[in-house]
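The values are calculated or read from the model by the stated rules, or taken from the named source; none is laboratory data. No experiment lies behind these values; they were computed from the predicted model shown. Methodologically, a virtual Cβ is constructed for each residue, glycine included, from the backbone with ideal geometry; neighbour enumeration extends over all protein chains shown. Side chains included, ligands, DNA and RNA excluded: accessible areas come from the protein's heavy atoms. Shrake-Rupley method; radii C 1.70, N 1.55, O 1.52, S 1.80 Å.
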Amino acid sequence: EKGTYPHYMLKEIDEQPAVMRKIIQNYQNDSGELQIDQDILSAMNDSDRIYIIAAGTSYHAGLVGKQFLERMAQIPVEVHISSEFGYNMPLLSKKPLFIFISQSGETADSRQVLVQIKEMGHKSLTITNVQGSTLSREADYTLLLHAGPEIAVASTKAYTAQLAVLAILAEVTAKSRDIEVPFSLVQELGIVANAMEVLRDSKEEFEAIAREYLSVTRNCFFIGRGIDFYVGLEGALKLKEISYIQAEGFAGGELKHGTIALIEEGTPVIALATQKFVNLSIRGNVKEVVARGANPCIISMDGLNTDEDRFVIPEVHELLTPLISVVPMQLISYYAALHRDCDVDKPRNLAKSVTVE
Ligand code: M6R
């Protein structure tokens, strides 16, 4: 039930800090350490390459998950869109492990890949919010998101839950391989939950940003570098599906290879700046679009901010920034849709789970 909330989407955005805490709790053992079934760890350690298969927002979570798994557990990872995988199958490694990420566990495109790789004799793990869902039943192993039911068509808390579970999988796998993780994930996810609360209390600012930048615009671009690029892709998907504004996410460095031609007087460009090593370059990209008339909205992380920034998110571990930087994307999209009188929870032409190919 959505209780006093006007929309499920807003309720689900607000639930994110509680979901983070619930995930930590569910994956902790009695001595407070993060834990994953031994079978799953063995499958991770037996494999020489992981193939993440997903669609939409879950695919965007997979792109970030690849960074977690490669940087923490040092296993190579490929991320694929499920609808393309069947006929564009890459040359597989000798010992592949397939990870299906799906909130609903019912996405037909992903299921089709699962059927295909099972026939080939490969092992599979499903990361899903729905216990007993098709993808969970048919895969060898399951990890649950513990996010509670997600009703709004636009996925919000499932995305951040997917990232948290992928980070836990990466950390526990790293430890099982004697690879040192130079921070405490339990502690860092706790910091993420607190930071999410700060953003939850800053809604007026996101409503103001949506009003100022998105009330009348035809299009909007999201730019970022490194892990921020992936969050930009998710920001653009959120905005297009509920506000119907044409939105695209770009890697900052790609602008000059074509995209910058789209910038006109007043075009909103939302830039993410949460990564120290690309902070100067992304700010350089903002200058380039501003010189062509863009209306920039820089969202940065505390410690990397400058006077020109529109919103500064609280500091979290640099690998975990997507868990936080996505929240402004969710809220800005929500208010943009509201201001444009769109049906926030049930956008046109879309279904919550896509059970046809
Ligand atoms: O249930 P799934 O995670 O498999 O769904 C995948 C996509 O259909 C889903 O993420 C979709 O892109 C959302 N509407 C995005 O908000």
Legend entry - Subset of region 115-132 [within 21 Å of His60 (Cα to Cα) and open to solvent by less than 30 Å² (accessible area, probe 1.4 Å)]: Ser124, Leu125, Thr126, Ile127, Thr128, Asn129
Inset, instruction - Among the residues of region 238-258, write down those that are open to solvent by 10 Å² or more (accessible area, probe 1.4 Å) and either within 15 Å of Cys342 (Cβ to Cβ) or acidic (Asp, Glu) (or both). - result: Lys240, Glu241, Tyr244, Gln246, Glu248, Glu254
Legend entry - Met89, sole failed condition from (1) modelled with pLDDT under 95; (2) out of contact with any helix residue (DSSP H, G or I) (no Cβ under 9 Å at 6 or more places or on another chain): (2)
Legend entry - In region 82-95, residue least open to solvent (accessible area, probe 1.4 Å) [restricted to those that are free of Cβ contacts under 8 Å to residues at least 40 places away in the same chain and hydrophobic (A, V, I, L, M, F, W, C)]: Phe85
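Listed here are the residues, each with its yes/no results for (1) farther than 17 Å from Leu320 by Cα; (2) at pLDDT 95 or above; (3) away from the ligand (no atom under 13 Å from the Cβ); (4) surrounded by 16 or more Cβ atoms within 10 Å (Cβ to Cβ).
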| residue | (1), (2), (3), (4) |
| --- | --- |
| Ile53 | yes, yes, no, yes |
| Lys66 | no, yes, yes, yes |
| Ile75 | yes, yes, yes, yes |
| His80 | yes, yes, yes, yes |
Inset, instruction - Could you pull out the residue among Arg71, Arg21, Arg49 that is touching a Pro at 6+ places or on another chain (Cβ under 9 Å), more than 16 Å from the ligand (Cβ to nearest atom), touching a residue at least 40 places away in the same chain (Cβ under 8 Å) and open to solvent by 60 Å² or more (accessible area, probe 1.4 Å)? - result: Arg49
Legend entry - Condition met for Ala152 (within 16 Å of the ligand (Cβ to nearest atom) and either free of Cβ contacts under 8 Å to residues at least 40 places away in the same chain or in contact with a helix residue (DSSP H, G or I) (Cβ under 9 Å, 6 or more places away or on another chain) (or both)): yes
Inset, instruction - Take the residues in region 1-10 that are touching a Lys or Arg at 6+ places or on another chain (Cβ under 6 Å) and touching a residue at least 24 places away in the same chain (Cβ under 8 Å), then tell me which one is least open to solvent (accessible area, probe 1.4 Å). - result: Tyr8
Legend entry - Any hit, region 96-104, residues being closer than 24 Å to Lys22 by Cβ, within 13 Å of the ligand (Cβ to nearest atom) and open to solvent by 10 Å² or more (accessible area, probe 1.4 Å): yes
Legend entry - Single unsatisfied condition, Asn349 versus (1) more than 18 Å from Gly249 (Cβ to Cβ); (2) within 16 Å of the ligand (Cβ to nearest atom); (3) in contact (Cβ under 8 Å) with a residue 60 or more places away in the chain; (4) not hydrophobic (A, V, I, L, M, F, W, C): (3)
Inset, instruction - State all residues of region 338-357 that are open to solvent by less than 50 Å² (accessible area, probe 1.4 Å) and in contact with a His (Cβ under 9 Å, 6 or more places away or on another chain); if no residue qualifies, say none. - result: Val344, Asp345
Legend entry - Checklist (1) within 14 Å of the ligand (Cβ to nearest atom); (2) without any contact (Cβ under 8 Å) to a residue 60 or more places away in the chain; (3) open to solvent by 20 Å² or more (accessible area, probe 1.4 Å) applied to Gln112, failing item: (2)
